[in-house]
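Throughout, read-outs are computed from the coordinates displayed, never taken from laboratory work. Model, not experiment: these values are computed from the prediction. In this analysis, Cβ positions are derived from the backbone assuming ideal geometry, glycine residues included, and neighbour counts consider all displayed protein chains.
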Amino acid sequence: MKVAILGTGAVGAALGARWAKAGHGVTFGSRQPQSEKVLQIVEKCGSAAKACSPAQAVANAEAILLAVPWSVARQTLSELGDLRGRPVIDCTNPLLPDLSGIELGHSTSAAEQIAAAAPSARVVKAFNTASVKVMNDPQFADHRAAMFYCGDDAAAKAVVQKLIVDIGFEPVDAGPLASARYLEPLAMLYIHLAFKQGWGSNCAFKVMKR
């Protein structure tokens, strides 16, 4: 699968490397694609990866990961042109600058606002409830960490489910895109446990049923 990654922070770099290792073609979209930082990320991903401008990265992509800060997410999308029919994976969290809480919740979500900003795209919320450490290794003894995802388009969700499975997570379908109103506060709970409660970021959510 051809995957475009918008954002070269820790999350984008980690997922790009994992997907490249799983056999996907990865293109990083960056305003500075030849910077030392971006070139190092591409090198780590191997021959299946490259970097170019954001618009070039999404041109032929079969899936697009939006891994930029929430504060610039809508602006980033506005510069990409028509994303008609393409799955856009939103992994942003609308965090307050001091990480004391989230900017949105209950009546809307970052994912829904991103879908409104890119109405022709098929937005799926995913990869917002795990740390980079867990993205690099989601296996905990005999258990795989859960990765929640939600969206309104079945075909787009199937694409995201495959990308989740391909890097070792257990996919958990959380329903329609409006469920991002639950997943984004869940990410805030993760941050609270990992940093304020002292668990550290090598922990993950797991869903069990019988």
Checklist outcome for this item: Flagged in the range 31-51 as closer than 27 Å to Gln161 by Cβ and either outside any helix (DSSP H, G or I) or among the β-branched types (Val, Ile, Thr) (or both), in numbering order, are Ile41, Val42, Gly46, Ser47, Ala48, Ala49, Lys50, Ala51
Item to check | Residue list for the range 85-114, restricted to those being of a type in the set (A, V, I, L, M) and touching a residue at least 24 places away in the same chain (Cβ under 8 Å) | outcome: Val88, Ile89, Leu95, Leu99, Ile102, Leu104, Ala110, Ala111, Ile114
Checklist entry - Looking at (1) surrounded by 14 or more Cβ atoms within 10 Å (Cβ to Cβ); (2) assigned to a loop (DSSP other than H, G, I, E, B), can you tell me which one Ser179 breaks? => result (2)
Checklist entry - Within the set of pairs 6 or more residues apart or between chains, which connect a residue that is of a type in the set (Val, Ile, Thr) inside the range 64-76 to a residue that is in a helix (DSSP H, G or I) with Cβ atoms less than 7 Å apart? => result Ile64/Val58; Val68/Thr76; Thr76/Pro54
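Restricting attention to the range 54-71, does a residue exist that is among the polar types (S, T, N, Q), more than 23 Å from Ala146 (Cβ to Cβ) and in contact with a Gly (Cβ under 8 Å, 6 or more places away or on another chain)?
To start, the set of residues in the range 54-71 that are among the polar types (S, T, N, Q) comprises 56, 60, 71.
When the remaining residues are screened for being more than 23 Å from Ala146 (Cβ to Cβ), the result is 56, 60, 71.
Then keep just the ones that are in contact with a Gly (Cβ under 8 Å, 6 or more places away or on another chain); that gives 56.
Looking for residues that are among the polar types (S, T, N, Q), more than 23 Å from Ala146 (Cβ to Cβ) and in contact with a Gly (Cβ under 8 Å, 6 or more places away or on another chain), one finds at least one in the range 54-71, hence yes.
Conditions tested, residue by residue: (1) in contact (Cβ under 8 Å) with a residue 60 or more places away in the chain; (2) crowded, with 24+ Cβ neighbours inside 10 Å; (3) not in a helix (DSSP H, G or I).
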residue: Ala116; (1), (2), (3): no, no, no
residue: Val124; (1), (2), (3): no, yes, yes
residue: Lys133; (1), (2), (3): yes, no, no
residue: Phe148; (1), (2), (3): no, yes, yes
residue: Leu163; (1), (2), (3): yes, yes, no
residue: Pro171; (1), (2), (3): no, no, yes
residue: Gly175; (1), (2), (3): no, no, yes
Checklist entry - Before we move on, is Lys196 surrounded by 20 or more Cβ atoms within 10 Å (Cβ to Cβ), of a type in the set (Lys, Arg) and out of contact with any helix residue (DSSP H, G or I) (no Cβ under 7 Å at 6 or more places or on another chain)? => result no
Next on the checklist: Among the residues that make up the range 29-42, is at least one of them farther than 19 Å from Ser131 by Cβ and within 15 Å of the chain's Cα centre (by Cα)?
Outcome noted: yes
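Condition check ((1) closer than 28 Å to Ser120 by Cβ; (2) without any contact (Cβ under 8 Å) to a residue 24 or more places away in the chain) across all residues:
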| site | (1), (2) |
| --- | --- |
| Gly7 | yes, no |
| Gly16 | yes, no |
| His24 | yes, no |
| Pro33 | yes, yes |
| Leu39 | no, yes |
| Ala55 | yes, no |
Checklist entry - Do we find a residue being surrounded by fewer than 23 Cβ atoms within 10 Å (Cβ to Cβ), touching a strand residue (DSSP E or B) at 6+ places or on another chain (Cβ under 8 Å), small (Gly, Ala, Ser) and assigned to a loop (DSSP other than H, G, I, E, B) anywhere in the range 7-22? => result no
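Take the range 23-49 and flag every residue that is of a type in the set (Val, Ile, Thr) and surrounded by fewer than 21 Cβ atoms within 10 Å (Cβ to Cβ). Show your work before the answer.
First, the residues of the range 23-49 that are of a type in the set (Val, Ile, Thr): 26-27, 38, 41-42.
Once the filter is applied, which keeps residues that are of a type in the set (Val, Ile, Thr) and surrounded by fewer than 21 Cβ atoms within 10 Å (Cβ to Cβ), the range 23-49 yields only Val38.
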Next on the checklist: Could you check the range 74-93 and list, in sequence order, the residues that are buried (at least 23 other Cβ atoms within 10 Å of the Cβ) and closer than 23 Å to Ser131 by Cβ?
Outcome noted: Val88, Ile89, Asp90, Cys91, Thr92, Asn93
